Every structure is written in C-alpha cells, then in structure tokens.
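Below is one structure, written out as structure tokens; comments come after it.
The values are calculated or read from the model by the stated rules, or taken from the named source; none is laboratory data. In this text the structure is predicted, and so the values were computed from the model without any measurement. Note: ideal-geometry Cβ built from the backbone for every residue, glycine included; neighbour counts use all protein chains shown.
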Amino acid sequence: MKIAIDKLSAMGDIIHAMVALQYIKKQNPSIQIDWIVEKIFEQVLENNPHINNIYTLNLKSIKKKKTEVFSQISIIKEYSKNNYDLVIDAQGLIKSAIVSKLLGKKRIGFSKNSTRESLASNLYTTKIDSDYSKNVIERNLDILLKPLNIKITKEDILKKEPFLYFEDSFDFSSILSKNKKNILLIVGASWPSKMYSKGKFAKIVNNIDANFMIAWGNEREKDIAEYIAQNSKAKVLPKISINDLKAIVSKVDLLIGNDTGPTHMAWALNIPSITIFGCTPGYRNTYETPINKVIESKSKVDPERLNKEDYSIENIDENKIIKMAKELLFES
C-alpha cells in the first residue's frame, strides 16, 4: 500500500503530524509513506526511517510570480504518477486540498466543521471529524490513523519514541557544557505577540546556574538574542541549519521557548521543555508530559479567532518560569 501525506507547512505543524508515523509503521511495516512538503521545511522530515520519499513544492513562489502556479501543478502531477492508494491531507487548507486533488483519486481530509477553511472538505472523497479546538497532536492522529483503522491511547502518546532524526554534522563540543546543565532558548516566533519579553528572558538566564544558548533564525531574532546575551551570561549560537537545530535540541537538558516550531522539537525528541503561551492556546498547541510543561498568560484564547494584538505573553512572571525550570533540571 502506498500513501501520500499532504502536510506542507509550517515546522511545528509538520512535527505535530510526524508522531503518527511510528504507529503506522508499527502496525503496517511494509506500507510506503511519502510526504509532500514545502521545500523550506524538507529538513524537518529528513533522515526519518518511517518516510520512504520526501517530495517538495514551492507554493510560496506563486505569491511572487503568479505564472509559477503552472510549474507547481506540473510538479504535483509528476508526483501523482506514483499512483497512491490513499492521499491524506493533514493540513486542512484549500491549497493543501487542491494539492491532494491533483495527487490522487482517493483523498481523505477533515470534514467541513473540523477545519478553518471549510471549503477544503469539498475536495475529499472521505471526510474525518475532529473538533477544531481539540489538541493539535490528537487532531493529527485522528486524520492520519483513523483512515488506516489504527487505534492508540494517551499512554501510547506519552510513551512515544523520539521521531526527529539528524546527521551529526556540527561540532557542539565547544558550545555545550560538561559541568553545568545546558539550556536552549528559542526566542523567536511567527508573530511578535507570540514572543516573550527579551528582558525577562535575560532575567531567567541570570537566575539559573546553567549554560544558556540562544538559537535564532532571522535577523530580528538575532537582534533579540544579542540583547539577551549582552544582559546576561547566555551565548548566541551561530546560524545553524534545521538539521543542526534538531541535533542540539537532542543534546540539551532543557529547552525554554515560545509557541513555535523549534520549541516543539523538544517534545518530539523527549527533551524537557517549557513552552510559553500568550495569544495562542497552550492546551491545544502542545502535549503536556511530566517533562514537557506549559506556562500561559491569563488570556482566554479562542483557537478559531486568534488575536494577534494580544500581547499578554509579556505579563507572564519570569519567576514562575525560573521555578519550573529548576524543578525540571534539579528536582526531577
């Protein structure tokens, strides 16, 4: 049996869906799993033994050049020659539904009331119900496991195997400490209102005896990282690839970060983490475990109507994060 998973972006969403692969392969070792993804996120999936082929698209190029739509359609039609028995749209957007439509005849996706872009459901041959306000990891398991008649429990999720894979191509020996606990800070996010205060990040660093490192992905995040480093004992990492980011996350003792893709890597790798939430819902966007904790602002967040002007994350007391971090590092 050959299936194609259509999950194009973004990093965190892809990670949340990848957890399903180990359960699919455990029940059906011979099944072929191909993944269709935006080119910029290809490295998130690379080296995963549960994925047979990674096929990339560049749909974002259409925004810059409208005629690019024809070349992207041509690429998708080329992928469709793999003759998939099943195409699963785990994204639930109109654009991903169109990709699925071009990929194969038997298409599964979220039902009309289970996704934000309800028109997408018209392009599926089979529809799966999964409450939109439900935890995103559980939603991904619904859409990817139900069509294959695979059932798992919460206990199965809590006992998951780490599922991000990488090549050790970067030497972190001069960055990681052998004498102190290593903590990685993820200070960026897709919106400014999802980002915790750089001043409070600096206070966290100065109140925990550990080796702090700060990862960044663009110039805005680099500026924030440098501010924190100038006002604390943290070190700014060099620009690293997604592969190397997976590698360093796997080697640290704790990750503290905003609700963003790199932070969710810690959960995927079974590394202790604290995810900071303000304008997005913590109960929905991560899966809490004894080592993966969430701290939220006092905002009441509606997952269907996120308020990008909600900066309540800035009001979270850094002392609560410091206390939580010390408990994870030194008391667990």
* Structure fact -> Condition set surrounded by 14 or more Cβ atoms within 10 Å (Cβ to Cβ) and touching a residue at least 24 places away in the same chain (Cβ under 8 Å), scope the stretch 115-132, selection nearest to residue 85 (Cα to Cα): answer is 124
* Scan the stretch 129-136 and give yes if some residue there is of a type in the set (Phe, Trp, Tyr) and out of contact with any His (no Cβ under 9 Å at 6 or more places or on another chain), otherwise no. => yes
* Only one of (1) hydroxyl-bearing (Ser, Thr, Tyr); (2) part of a helix (DSSP H, G or I); (3) surrounded by fewer than 16 Cβ atoms within 10 Å (Cβ to Cβ) fails for residue 100. Which number is that? -> (3)
* Members of the stretch 158-176 found to be of a type in the set (Asp, Glu) and either modelled with pLDDT of 95 or more or outside any loop (DSSP other than H, G, I, E, B) (or both), listed by number -> 161, 167
* Asked: Are any of the residues in the stretch 186-197 assigned by TED's automatic domain parsing to the domain that holds residue 228 and surrounded by fewer than 16 Cβ atoms within 10 Å (Cβ to Cβ)?
  -> yes
* Structure fact -> For residue 304, the lone unmet condition from (1) out of contact with any helix residue (DSSP H, G or I) (no Cβ under 8 Å at 6 or more places or on another chain); (2) of a type in the set (Asp, Glu); (3) modelled with pLDDT of 95 or more is (3)
* Structure fact -> Counting only residues in the stretch 133-157 that are free of Cβ contacts under 8 Å to residues at least 12 places away in the same chain and outside any helix (DSSP H, G or I), the one nearest to residue 5 (Cα to Cα) is identified as 149
* Asked: Just for strands (runs of 3 or more DSSP E) wholly inside the stretch 188-283: which have at least 1 residues that are within 15 Å of the chain's Cα centre (by Cα) and of a type in the set (S, T, N, Q)?
  -> 254-258, 273-277
* So which of 297, 273, 193 is without any contact (Cβ under 8 Å) to a residue 24 or more places away in the chain and in contact with a Cys (Cβ under 9 Å, 6 or more places away or on another chain)? -> 297
* **Qualifying positions in the stretch 20-57 - of a type outside the set (Lys, Arg) and in a helix (DSSP H, G or I)** => 20, 21, 22, 23, 24, 27, 40, 41, 42, 43, 44, 45
* Select from the stretch 292-305 the residues that are in a loop (DSSP other than H, G, I, E, B) and surrounded by 15 or more Cβ atoms within 10 Å (Cβ to Cβ) and list them in ascending order. => 297, 299, 301, 303
